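One structure is given below, encoded as structure tokens.
The values are calculated or read from the model by the stated rules, or taken from the named source; none is laboratory data. Not measured: the values here are computed from a predicted model. Neighbour counts run over all protein chains shown; Cβ positions are idealised from the backbone, glycine included. Accessible surface areas use protein heavy atoms only, side chains included; no ligands, DNA or RNA. Shrake-Rupley method; radii C 1.70, N 1.55, O 1.52, S 1.80 Å.
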Amino acid sequence: MSPELILFLVLSLVAIAAAIGMLISPNPVYSALFLVINFSTVAVFYLILGAPFIAMAQITIYAGAIMVLFLFVIMLLGAEKLAPGKVLPYQKPLAIGLAIVLMVESVYAVLARNPSDAEIIVPTEAANSIDAMRDLGIMLFSDYLLPFEVTSILLLVAMIGAIVLTKRAKGEQE
Amino acid sequence: MVPQDYYIALSAILFTIGALGVLIRRNALIIFMSIEMMLNAANLAFVTFANTYQHLNGRIIAFFVIAVAAAEVAVGLALIVAIFKSKHSIDVDQMSSLKG
Amino acid sequence: MDWTLWLELVIKALVLIFALLGGFAYLTWYERRLLARFQSRLGPNRAGPFGLLQPIADAVKLIFKEELTPAKAYKLVFFLAPIMTLVPSVIIAAVIPWGPPFQLGDRIVTQSIADINVGVLFLMSIASIAVYGIVLAGWSSNNKYAMLGGLRSAAQMISYELTLGLAFVVAILLGNSMNLTDIVEAQRDGRWFVLVQPVGALILWIATLAEVNRHPFDMPEAEQELTAGYHTEYSGMKFALFFMAEYQKMIVVSAILATLFFGGYLGPWVDRWPLLGPVYMFLKIVILLFIMIWVRATWPRIRYDRLMAFGWKVLLPLALAVVMITAVGILLAEINPWMIWLIPIFSLIAGAFASLMIDRSLRRKAYA
């Protein structure tokens with residue numbers, strides 16, 4: 001029971017509790033806040049794994065921009081209480097049952113392997129240095145140049161799409 | 001040290017919780033948030049494998065997934081807002097105009 | 001992971017927190033005295049000599065005030081929102097280097113709590129997180145005006161985050177590292193970055209003013225507008241926490257600006273006596289705060305739609321142009337070191353062009 005293992009177990013409990021909280025909370029704003037806790041916990045996992053750049057990118061983009069956008073839309077739409085529509089009566093228990101089966105099966109498949117070849121290689125001090133980030137940058141611009149440029153065009157298209165989708169048609173009364 | 005399998009197991013658990021969210025919730029925004037959680041769980045798996053095999057590829061792919069998720073959220077939320085303007089509801093059970 | 005490392009971190013954290021909280025208290029006194037002098041009156045001078053006990057009197061008053069919670073407010077979030085606003089503003093000071101590393105016994109002690117290699121990215125992350133407290137405070141009050149004020153404030157903050165990020169990129173390019181200590185060390189011997197890239201410093205200053213919702217960008221939260229915006233329903237100690245958060249952000253933002261562009265803890269004889277580092281930082285922060293308060297006393301508020309138009313249509317393209325000019329200048333400077341002075345020349349030209357565009361657009365009827 002090394003300190004790292006205890007830290008990992010505590011943090012994973014927090015992450016799973018936040019995920020379940022997001023799932024069962026009746027108020028969408030609380031769900032969004034639980035998801036922010038989940039994202040922050042995963043960012044801490046990235047820090048433990050020695051990837052500070054991805055951790056900060058996760059907090060800035062996921063927890064800081066995407067979830068703020070979600071909160072804006074939730075508050076503006078104001079839809080907190082939904083009238084129950086026509087639901088298939090067996091849908092919820094079937095879904096929960098199948099999800100539990102999937103969870104147990106995947107966790108078993110992962111954890112029941114031979115433990116000797118499953119040790120995590122601890123990131124050394126060098127992983128936190130400026131060279132690791134420089135290597136990431138160089139690789140982004142040499143091996144992964146095409147995905148990088150395509151992602152930038154994708155972001156531009158998404159921006160234009162979001163503006164076009166919410167634009168009022170000419171002459172439409174509000 | 002923490003074995004790699006524990007991280008992958010955690011990623012699998014978060015993924016199934018996200019999938020469960022898509023299946024049992026009716027609020028379109030919560031479904032969307034569960035999709036983001038699934039992407040997040042996949043990212044955790046990528047970064048874990050990047051550590052195990054001492055490659056930077058996993059981290060770069062995780063970075064691209066984060067960027068693509070941001071783009072997807074922008075467009076998806078714009079769609080939800082547009083649907084809300086016409087139907088005044090975000091209950092996915094009522095979005096059945098295209099049904100059979 | 002020995003106990004001396006823990007002890008060092010705890011002591012540094014405690015010293016920093018007490019210094020920041022004490023600094024906040026006396027910043028309120030400083031601001032009220034300065035504003036008063038700008039407005040030809042005296043300011044608080046009754047509570048103690050020169051009014052120096054005024055912050056304590058204010059704190060006692062706010063503690064004893066009755067705290068009202070609106071009837072249908074979402075109680076948990078209403079309670080947590082001031083805390084969620086205060087915590088990022090204090091955390092962000094964890095990566096700022098207050099002085100050069102010095103030797104204590106047989107360990108080298110760095111004068112920052114977390115000398116991480118992605119320091120500037122950490123600043124960006126915490127600036128993104130700071131939006132939550134405000135938008136949740138507005139929503140949890142169950143008051144339409146508060147929610148509108150909170151959403152407006154949050155929209156302003158996320159719009160200016162882009163420009164903030166680009167201004168940080170300018171500092172990263174000039175300092176060749178994301179580590180704040182490296183950026184400060186690159187400004188040695190009087191080569192402050194503000195001399196090489198003055199327009200970058202100005203853009204960073206304007207963007208941080210908008211980020212902390214400070215005058216002249218404080219329309220969403222001023223008392224005369226929209227019934228005081230997101231903190232309408234807050235009273236007593238919770239309001240004191242919002243107040244504290246705003247002033248902490250002012251201090252921290254001045255510290256960031258001093259670190260990135262004004263040479264941080266560098267000054268004469270700072271290597272021989274490392275503890276002079278915090279003194280120099282204090283002086284630079286006081287001067288930058290003076291400029292912030294001066295701006296508050298002098299300029300009117302910018303209307304909200306003009307504020308957003310300014311952020312998106314003027315500052316963002318200007319910041320992009322400045323980043324491009326800086327990058328090209330640094331590349332050219334590798335060939336010939338004197339080419340680095342192309343950077344201020346071209347960025348001043350870009351800045352003059354931007355002001356010309358602002359002037360022309362302000363004369364158009366649409367914005368009048």
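Here are some notes:
- For segment C:139-197, the tally of residues that are closer than 30 Å to A:Leu33 by Cα and of a type in the set (Gly, Ala, Ser) stands at 11.
- Number of positions in segment A:62-76 that are closer than 14 Å to B:Leu39 by Cβ and open to solvent by 10 Å² or more (accessible area, probe 1.4 Å): 0
- Screening C:Ala354 on (1) buried (at least 16 other Cβ atoms within 10 Å of the Cβ); (2) among the hydrophobic types (A, V, I, L, M, F, W, C); (3) over 29 Å from C:Ala155 (Cβ atoms); (4) in contact with a Pro (Cβ under 9 Å, 6 or more places away or on another chain) shows it passes everything except condition (3).
- Of the helices (runs of 4 or more DSSP H) lying entirely inside chain B, those containing at least 2 residues that are of a type in the set (Phe, Trp, Tyr), facing chain A (nearest Cβ under 7 Å) and open to solvent by 20 Å² or more (accessible area, probe 1.4 Å) span B:57-87.
For every residue, the table says whether it meets (1) touching a Lys or Arg at 6+ places or on another chain (Cβ under 7 Å); (2) modelled with pLDDT under 90; (3) assigned by TED's automatic domain parsing to the domain that holds A:Met67; (4) open to solvent by less than 60 Å² (accessible area, probe 1.4 Å).
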| position | (1), (2), (3), (4) |
| --- | --- |
| A:Pro3 | no, yes, yes, no |
| A:Ser12 | no, no, yes, yes |
| A:Ala15 | no, no, yes, yes |
| A:Ala18 | no, no, yes, yes |
| A:Gly21 | no, no, yes, yes |
| A:Tyr30 | no, no, yes, no |
| A:Leu33 | no, no, yes, yes |
| A:Val36 | no, no, yes, yes |
| A:Ser40 | no, no, yes, yes |
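- Of residues in segment A:18-60 being within 10 Å of chain C (Cβ to nearest Cβ) and in contact with a Ser or Thr (Cβ under 8 Å, 6 or more places away or on another chain), the one nearest to C:Leu76 (Cα to Cα): A:Ile59
One line per residue, one yes/no per condition, for (1) in a helix (DSSP H, G or I); (2) over 18 Å from C:Leu315 (Cα atoms); (3) open to solvent by 20 Å² or more (accessible area, probe 1.4 Å):
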site	(1), (2), (3)
C:Phe122	yes, yes, yes
C:Val131	yes, yes, no
C:Ile134	yes, yes, no
C:Ala137	yes, yes, no
C:Gly149	yes, yes, no
C:Leu166	yes, no, yes
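- Qualifying residue in segment A:34-50 (condition: touching a residue at least 40 places away in the same chain (Cβ under 8 Å) and either assigned to a helix (DSSP H, G or I) or among the hydrophobic types (A, V, I, L, M, F, W, C) (or both)): yes
- Residue satisfying all of: in segment C:303-342; at pLDDT below 85 and hydrophobic (A, V, I, L, M, F, W, C); farthest from C:Phe217 (Cα to Cα) among these: C:Trp338
- Per this entry, C:Leu173 is counted among residues that are open to solvent by 30 Å² or more (accessible area, probe 1.4 Å), at pLDDT 90 or above and touching a Ser or Thr at 6+ places or on another chain (Cβ under 9 Å).
- Residue within segment C:269-289 that is surrounded by 15 or more Cβ atoms within 10 Å (Cβ to Cβ) and more than 28 Å from C:Arg33 (Cα to Cα) present: yes
- Within segment C:63-91, tally of residues that are in contact with a Ser or Thr (Cβ under 9 Å, 6 or more places away or on another chain) and aliphatic (A, V, I, L, M): 6
- The one condition in (1) over 21 Å from the mean Cα position of the chain (by Cα); (2) away from chain A (no Cβ under 12 Å) that C:Val77 fails to fulfil: (2)
So that you can scan it fast, the table gives a plain yes or no per residue for (1) in a helix (DSSP H, G or I); (2) charged (D, E, K, R); (3) open to solvent by 30 Å² or more (accessible area, probe 1.4 Å); (4) without any contact (Cβ under 8 Å) to a residue 24 or more places away in the chain:
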{"residue": "C:Gly22", "(1), (2), (3), (4)": "yes, no, yes, yes"}
{"residue": "C:Gly43", "(1), (2), (3), (4)": "no, no, no, yes"}
{"residue": "C:Ala57", "(1), (2), (3), (4)": "yes, no, yes, yes"}
{"residue": "C:Lys72", "(1), (2), (3), (4)": "no, yes, yes, no"}
{"residue": "C:Phe78", "(1), (2), (3), (4)": "yes, no, no, no"}
{"residue": "C:Ile83", "(1), (2), (3), (4)": "yes, no, yes, no"}
{"residue": "C:Val90", "(1), (2), (3), (4)": "yes, no, yes, no"}
